[in-house]
Amino acid sequence: MVQVLNPAGELVGEPPELSPEALRTMYRWMVLGRTFSDRMVALQRQGRMGTFAPLNGQEAASVGLAAPLQETDWILGSYREYLSYFVKGVPLLAVMETYKGLITDKYPRPARCLPVQVVLAAQIHHAVGVAMGMRYEGEPGVVVAVCGDGATSEGDFNEALNYAAVFKAPVVFVVQNNGWAISTPRRQQTAAETIAARGPAFGMPGHLVDGNDLLAVYRVVSEATARARAGDGPSLVELVTYRLAAHTTADDPTKYRSPEEVQAWEARDPIPRFRSYLQTAGVLTDDDIPRIEADVKAEIQAAVETLEALPPPDPARMFDVVFAQPTPQLQQQRADLLAFLHRTA
Ligand SMILES: Cc1ncc(C[n+]2csc(CCOP(=O)(O)OP(=O)(O)O)c2C)c(N)n1
C-alpha cells in the first residue's frame, strides 16, 4: 500500500514536490470539505436541504485525486465527489442546488466536471466516452473517473475498464474504497484480495493507496495521469479510506457497523494527519488553523445565503433540460402541468 505520511503525520515515503502555498491550499480544501459536509447535514436536519451524502473521512482522497489535475482534464464522479469538484472549479452553489433538488446551470465549462452521478458506475462509461472523444478531437487532457467500492460490482464498471484498456483511453479510474456500500461491507463486494488487484486482469496497472494520506493519493494520481497523458493507457487506483459518517442523511450506520470499527478509523482521520505534518514542517502556523476554519465557514455561509435567496424554480423548466429536441410526450406533459398549475392557482 502506497503511503507517504503515517497516521501520526510522519514522513514514511517519498513526498510529491509541492510548494508551501500548494500544501496550505490543499489543507484548506480538506477543511472546507468537512465543514461543507457537516453544514449540509445540519441544513437537511432543519428541512432546508434534500437528502445528502456526507464525505467525512474521505477528504484526503477527494482533494488528492483532484489537485494534481490540469485545466484541460476532466473529473466524472458520483454524489460523494463534490469536494473533488470544488477543487476543479465547480462552485459550492452548484452542488447545493443539486442536493436541494433544483436544476443547476452553475457548472462552469472550464471546470470540466459532469454533474454528479447517482446511477452507480454510469459515470465510468461516460468518462471513457469523454476520453475517446477528446482523443478523436485531438484535445489534450485526461479523464479521472471516480466511484465507490460498491460501484465496482456493476457491469458498467467492468465494461468501461475493459474498453479503456483495449483502446488505451486516457483515463484514470479511481475507486474510493470507503469500506461500505450502504450496509454492504467491502468483503462482500469482491472475493479479490484488493480492488487494485483487478487492474492487471484488465491489462492496466493497479495501485493500492492509503486514501487517508493526501500526499500518497496526490503522488499516485499524478503518476497515473502522466501515464495516460503520454498515451500509455489507463490505470486503476484504489484509495483505501473510510466513510466516518452515514451513507446519506437517510441512513443509520449503527444498524450495521460497530462503534469500535468507526473509532479505529477516527484515529486515522486524514485531516489531523496532514495538519500535523504541515505544522511540523512549519508550513502551517498556529494562527493559520483558526483563520482557515473561519474563512471556509464564511465562504459556505455566503453560498447558503445565496441559495436561500434564489427565486422559486419555474416548474416547466424540468421538461426543457431533458432533450435538446423535446419528445411529443414531454411536450404534452409540460402543457398538462402548466394547465393544471393555471387551474389550481
Ligand atoms: C445502478 C444503481 N444501483 C443501486 C443504487 C442504489 N445505491 C445508491 S448508493 C449505493 C451504494 C454505493 O456504494 P459505493 O459504490 O461503495 O459508494 P459510496 O456510497 O460508499 O460512496 C447503492 C446501492 C444506485 N444508485 N444505482
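Of 171, 209, 116, the residue with the greatest mean-square motion in the GNM of the chain, using alpha carbon springs below 10 Å, is 116.
Computed over the range 82-210, the quotient of the alpha carbon radius of gyration and 2.2 N^0.38 Å is 1.11. Using equal-weight Cα scatterers in the Debye expression, the normalised intensity of the chain in log10 at q = 0.11, 0.13 Å⁻¹ is -0.75, -1.03. The DSSP beta bridges internal to the chain are antiparallel in roughly 10% of cases. Here is the list for the range 119-193: GluC sites (Glu not before Pro) lying in DSSP coil, each with at most 11 other C-beta atoms within 10 angstrom of its C-beta, are 193. Once the Cα-Cα distance is subtracted from the 0.36 nm per residue extended length, the residue 248 to residue 301 segment shows a gain of 16.9 nm. Amide H contacts of residue 2 (H built 1.01 Å from N, in plane; Pro and chain starts excluded): 208, 209, 210 sit under 5 Å, all sequence-distant by 5 or more or on other chains. Length gained on full extension, residue 166 to residue 255, computed as 0.36 nm times the residue gap minus the Cα-Cα distance: 27.8 nm.
Phi angles across the range 150-162 convert, under the Karplus curve 6.51 cos²θ - 1.76 cosθ + 1.60 with θ = phi - 60°, into 3J(HN,Hα) values of x, 5, 5, 8, 6, x, 3, 4, 5, 5, 5, 5, 4 Hz, Gly and Pro given as x. Modelled spin labels at residue 8 and residue 46, positioned 7 Å past Cα toward Cβ, are 4.1 nm from each other. Comparing 79, 242, 163 in a Gaussian network model of the chain (Cα springs below 10 Å), the most mobile by mean-square fluctuation is 163.
In this simple spin-label approximation, residue 289 and residue 309 carry label points 7 Å from Cα along the Cα→Cβ vector, and these lie 3.4 nm apart. Computed 3J(HN,Hα) for the range 333-345, one whole-Hz value per residue from the Karplus formula 6.51 cos²θ - 1.76 cosθ + 1.60 where θ = phi - 60°, is 4, 4, 5, 4, 5, 5, 5, 4, 4, 5, 5, 9, 5, glycine and proline marked x.
Between 210, 252, 269, the GNM of the chain built on Cα springs shorter than 10 angstrom shows 252 fluctuating the most. The HN-Hα couplings worked out from phi for the range 7-19 by the Karplus form 6.51 cos²θ - 1.76 cosθ + 1.60 (θ = phi - 60°) are x, 7, x, 8, 6, 10, x, 7, x, x, 7, 9, 6 Hz, whole numbers, x standing for Gly and Pro. Note: relative contact order over the chain, using C-alpha pairs below 8 Å and six or more positions apart, is 23 percent. A cut-off of 5 Å between modelled amide H atoms, ignoring neighbours fewer than 5 places along the same chain, links residue 102 with no other residue.
Computed packing ranks the peptides 272-279, 232-239, 58-65 as 58-65, 232-239, 272-279, most packed first, by mean other Cβ atoms within 10 Å. Give 106/255; 88/168; 106/168; 88/297 a once-over and call out the pairs whose C-alpha atoms are over 28 Å from each other. Correct reply: 106/255; 106/168.
The helix-based estimate of mean residue ellipticity at 222 nm for the chain, built from -39,500 (n - 2.57) per DSSP H run of four or more residues and divided by its residue count, is -14500 deg cm²/dmol to the nearest 500.
A short reminder: the numbers here are calculations on the coordinates, not readings from a lab. Note that the structure is a prediction, hence the values are computed from the model and not measured. Note that each Cβ is placed from the backbone with ideal geometry, even for glycine, and that neighbours are counted across all protein chains shown.
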